[in-house]
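> Sharing a structure with you now.
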2 protein chains.
Amino acid sequence: MGTVSKALGLLDILARTQGPKGLTGIANAAGFDKATTRRMLVELATNGYVVQNADSREYELGPALQVLGKIREERFSLYRTTLPFVRTLSEQTNETVHASEYSAGILLSICTEHSTKPIRVNLEQGQKLPLHATASGIAFLSASSPTFIEAQLRKPMVQFTSKTLTSSESILASIHEANARGYSFSNQTLQDDVSSVAAAIRDQSGKPIGAIAIAVPSLRMTLNAISEFGPLIQKTAEEISQQLSGRRARLSRAS
Amino acid sequence: MGTVSKALGLLDILARTQGPKGLTGIANAAGFDKATTRRMLVELATNGYVVQNADSREYELGPALQVLGKIREERFSLYRTTLPFVRTLSEQTNETVHASEYSAGILLSICTEHSTKPIRVNLEQGQKLPLHATASGIAFLSASSPTFIEAQLRKPMVQFTSKTLTSSESILASIHEANARGYSFSNQTLQDDVSSVAAAIRDQSGKPIGAIAIAVPSLRMTLNAISEFGPLIQKTAEEISQQLSGRRARLSRAS
DNA sequence: TTTAATTGTTTCATTATTTGAACCATCAGT
DNA sequence: ACTGATGGTTCAAATAATGAAACAATTAAA
């Protein structure tokens, strides 16, 4: 692993843990030496990616991330487009709904709205969704080219739960099912007791760029629920894809 | 410069230039070798910080930045707090208004609203504001501790325009003036034909954490304008500081 | 108050990664 | 087919990263 990835890993740690963290805590979490960790944090700090509290000496995410995030959002905002859809879908179903964007072999959850029910699926900001072990991933694959699918299936697949599918054959079967139905379905493949339905979001050319999913406690994911949520998520994904392709002109005319 | 800083510099380049960029373009802009640049871009890409268009092979900022930016914003959002103030101030004055946050020796512009006048000050997203050469910086310094000021004045100060102040004495004089008036004033110290008034934003303890400024084409920055904008920016900065300290409880009660 | 323990910071010889010139591959235009 | 760009790859040499250990500073315990 290169030095850059290690440093970026520190950002991930700061993002995942709530609140600021001390040097040794970060070093332990990352598995790096104190000295190494510190040098990286200092370097990140001089670039504004983290800030160190002058009193407590603890580190936190820095303003540069906000700046870059906002620039990225202005240029290409799957987030902005999906947000209203995710919201309404979550209100309609009162279940957790999330959109994700493909990047570097995985889907990155970019937009989540939680159910208000006492038992609900909880999703962290920026949760990583492996292609082989999530409904979103299967939906994404089912909208991908055969060569892409092949390449992904050749990669090693982590077994997250006892129900995670890790063989090419079983994944291909899921993909075919998803293609037949128009949406994908996963049952506890990434986390125990979580089931999801998902559909791919596509760009103008039809190439998938992400996915949207409804994540439900497996208890509530009955056949009835599937047949209600499935078509819903399929329709929503299509609407988002359409808005991403065609409607830009119309939107800018209106503003 | 460490490898990490170099890689982060690439992100900066992608942020500054509009739209995607090819490998050689980025390498040239950064002044690194193609091979070096590529290795870094690949590493950034595998972490989601940049994405490469599969067809054009061009690179762009990646979704990880949005994710981290949003997490940071949730935890500590000077941006969210200042945005409404920046907006109303910009409407009131019809001039460019921007807020900035201190990080690693400079102020980072985090929130800008532009004037609608044909001649206006234009400010890039994430513009870096050196402490010695901007009204925001002087305002920030004038709210800082003597030891901090001293440390900053010992650093080398870049001469951006013919009017940039680069001696400790002249900067100290500006700081004292700002303290006397309650707001700072700069005249073409960073860019030609741009004048600004600014005031510091403080946290609970009174320590400055950023600044807010009105940036005006020097032509329009008359004595009248200064005496109108100055007290305005001072009052706004105080309101923001108050909201950052005390009002969190009240706001959450209201929601 | 003294002692011990914890955390942050610096150093420096060792080690491993980064570097960049040269090379190859691919594509677009002539 | 030739030419000039651009993206991508290789590998010995150069350099930067590493981490154990020492040190400092702060906090907790005795």
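None of the figures in this text is laboratory data; all of them are computed from the coordinates on show. These numbers were taken from a predicted model, which means no experiment stands behind them. Cβ atoms come from the backbone with ideal geometry, glycine included; neighbour counts cover every protein chain shown.
> Can you tell me the Rg and Dmax of the range A:69-126, counting just the alpha carbons, in angstroms?
12.3, 37
> Related question: For the range B:35-93, what D do you get in µm² per second when you plug the Kirkwood radius from alpha-carbon pairs into Stokes-Einstein at 20 °C and 1.002 mPa s?
154 µm²/s
> Here is a further query. Taking K and R as +1 and D and E as -1, what net charge do the other residues with C-beta under 14 Å from the C-beta of B:G22 add up to?
+1
> To continue, here is another question. May I ask for the percentage of alpha-carbon pairs in chain A that lie more than 25 Å from each other?
Counting pairs separated by more than 25 Å, the tail of P(r) holds 50 percent.
> Can you list the HN-Hα couplings for the range A:51-56, worked out from phi with the Karplus curve (6.51, -1.76, 1.60; θ = phi - 60°), rounded to whole Hz and with x for Gly and Pro?
10, 10, 5, 5, 7, 7
> Please find, among residues of chain A, the one with the beta carbon closest to the rotation axis relating it to chain B, distance in whole Å.
Checking which Cβ lies nearest the axis yields A:G69, 1.
> Oh, and also: Can you pull the mean other chain C-beta count within 10 Å for peptide B:75-85?
So the per-residue partner count for this stretch is 2.
> Any idea what the A:N28 label distances to the other copies are, label 7 Å down the Cα→Cβ vector, nm, shortest first?
5.1
> Excluding B:A54 itself, calculate the net charge of residues whose Cβ lies under 13 Å from the Cβ of B:A54, where each Lys or Arg counts +1 and each Asp or Glu counts -1.
In short, -2.
> On to the next question. For Cα pairs less than 8 Å apart in space and 6+ apart in sequence, what is the mean separation divided by the residue count of chain A, i.e. the relative contact order in percent?
14 percent
> Please list the non-local residues whose amide H lies under 5 Å from the amide H of B:I110, H modeled 1.01 Å from N, same-chain partners needing a gap of 5 or more.
For B:I110, whose amide H was placed from the backbone, the distant partners under 5 Å are B:A99, B:S100, B:E101.
> Considering only the other residues whose Cβ falls under 12 Å of the Cβ of A:S90, what net charge follows from Lys and Arg at +1 and Asp and Glu at -1?
Neighbourhood net charge equals 0.
> Hey, what D do you get for the protein assembly as shown in µm²/s if you plug the Kirkwood alpha-carbon radius into Stokes-Einstein at 20 °C and 1.002 mPa s?
Diffusion coefficient, whole number: 87 µm²/s.
> Relative to the compact globular guide of 2.2 N^0.38 Å, what is the alpha carbon radius of gyration of the range B:111-169, as a ratio?
1.34
> Averaged across A:33-46, how many Cβ atoms of other chains sit within 10 Å of each residue's Cβ atom?
2
> Provide an ascending nm list, one decimal, of label-point separations from B:S56 to the equivalent residue in each further copy; define each label point as 7 Å from Cα along Cα→Cβ.
Nearest to farthest, the other copies are at 4.4 nm.
> Also, quick follow-up: Measuring nothing but label to label, 7 Å from Cα along Cα→Cβ, what are B:E74's distances to the other copies in nm, shortest first?
Distances to the matching label points in the other copies: 2.5 nm.
> Beta carbons within 10 angstrom, averaged per residue: use that to sort the peptides A:8-14, A:168-174, highest first.
Most protected by this proxy first, the peptides run A:8-14, A:168-174.
> Can you give the helix-only mean residue ellipticity at 222 nm for chain B, where every DSSP H stretch with n ≥ 4 adds -39500 (n - 2.57) and the sum goes over all residues, rounded to the nearest 500 deg cm²/dmol?
Result for chain B, helices only: -15500 deg cm²/dmol.
> Cα-based Rg of the range A:1-136 per 2.2 N^0.38 Å, rounded to two decimals?
Cα Rg divided by the expected 2.2 N^0.38 Å: 1.21.
> Something else: Would you calculate the separation in nanometres between label points at A:F148 and B:S245, each defined as 7 Å from the Cα along the Cα-to-beta-carbon direction?
For A:F148 paired with B:S245, the spin-label model returns 5.3 nm.
> Determine, for B:R87, A:R202, the number of other Cβ atoms within 10 Å of each Cβ, and report the residues in order from fewest to most.
B:R87, A:R202
> Kindly write out, for the range A:96-106 in residue order, the coupling ³J(HN,Hα) from the Karplus curve 6.51 cos²θ - 1.76 cosθ + 1.60 (θ = phi - 60°), rounded to whole Hz, with x marking Gly and Pro.
Using θ = phi - 60°, the values come out as 6, 10, 8, 9, 9, 10, 6, 7, 6, x, 9 Hz.
> Based solely on C-alpha atoms, express the radius of gyration and the Dmax of the range B:105-213 in angstrom.
Values for the range B:105-213 (Cα only, Rg and Dmax): 13.4, 43 Å.
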